[in-house]
């Protein structure tokens with residue numbers, strides 16, 4: 001095909017524009033804060049910009065992330081050695097992201113940790129966990145300081161797990177998955193901080209406060225894989241009888257609509 005000079009110049013302009021767009025898109029891709037790339041795996045860790053503002057928090061998350069990279073790289077290498085045929089189309093693909101979800105009383109920082117894992121199975125898998133960071137102490141903490149007691153099978157934990165299950169049932173009905181809102185899917189949830197699910201402080205319509213607790217569950221935890229992740233919300237009013245003075249200080253207001261509507 002022979003182009004006229006004007007047509008040829010227009011074609012060159014289109015190619016140049018496309019190249020510029022691709023270059024811009026590539027440049028916009030975030031750079032991993034840690035990465036391992038071998039024949040067996042490519043695994044990355046990302047910290048959002050808000051995490052990086054706090055040097056101690058960023059260092060803590062990055063240290064944990066690097067341990068996760070090393071662990072999965074070793075497992076991938078061992079798997080490749082044992083059965084190379086599963087790596088003919090490439091290595092495993094793993095990714096971990098840390099993102100701040102709320103900052104309460106300018107002290108308590110809630111971070112959502114999302115993992116993506118593709119080991120060339122029937123489908124990729126994902127996981128979700130949380131980190132609660134105390135800026136004043138420069139360390140991770142639990143929600144214990146906000147409650148007068150958190151003993152296994154104690155009144156506070158029983159109230160929490162009851163509210164969590166009620167919230168999950170409502171969410172399942174919203175998704176048209178009411179048939180899985182059964183005790184069978186909730187049997188792993190127990191009135192214990194170690195068995196109720198990954199928890200964080202929910203944001204609030206009152207600045208600097210928390211509206212309650214959100215509990216986060218990966219696929220398979222409280223429903224079939226096809227239903228994806230779930231997030232249960234427990235308003236602070238439900239937990240009011242069990243709050244310490246610090247809990248009373250940080251909890252107030254309502255859950256913002258933006259938080260409730262955010263895709264899970």
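Assorted remarks:
- Gyration tensor verdict on segment 92-135 (Cα atoms; rounded if a/c is under 1.5, prolate if a/b is larger than b/c, oblate otherwise): prolate
- Shape class of segment 152-191 from the alpha-carbon gyration tensor: oblate, with a/c at 1.5 or above and b/c at least as large as a/b.
- Here the spin labels are modelled as points 7 Å beyond Cα on the Cα-Cβ line, and at residue 117 and residue 249 they lie 3.9 nm apart.
- Helical runs assigned H by DSSP (4 residues or longer) give the chain a calculated mean residue ellipticity at 222 nm of -11500 deg cm²/dmol, each run adding -39500 (n - 2.57) before division by the residue total.
- Cα gyration tensor shape of segment 144-261, rounded if a/c is under 1.5, else prolate or oblate by comparing a/b with b/c: oblate
- Near-label residues of segment 212-250 by backbone N, under 20 Å of a point 7 Å along Cα→Cβ of residue 137: 212-214, 242-250
- In the elastic network of the chain, a GNM with C-alpha springs shorter than 10 Å, the most mobile of 187, 52, 66 is 187.
- Efficiency of FRET between residue 78 and residue 225 - r from beta-carbon atoms, R0 25 angstrom, step 0.05: 0.45
- For the chain: relative contact order, % (alpha-carbon pairs under 8 angstrom, 6 or more apart): 14
- Taking 179, 75, 237 as the candidate residues, the one with maximal mean-square fluctuation in a Gaussian network model of the chain, Cα springs under 10 Å, is 179.
Coordinate-derived values only; no laboratory data. Bear in mind the structure is a predicted one, so any value in this text is a computation, not a measurement. Positions of Cβ are generated from backbone atoms using ideal geometry, with glycine treated the same way; all protein chains shown enter the neighbour counts.
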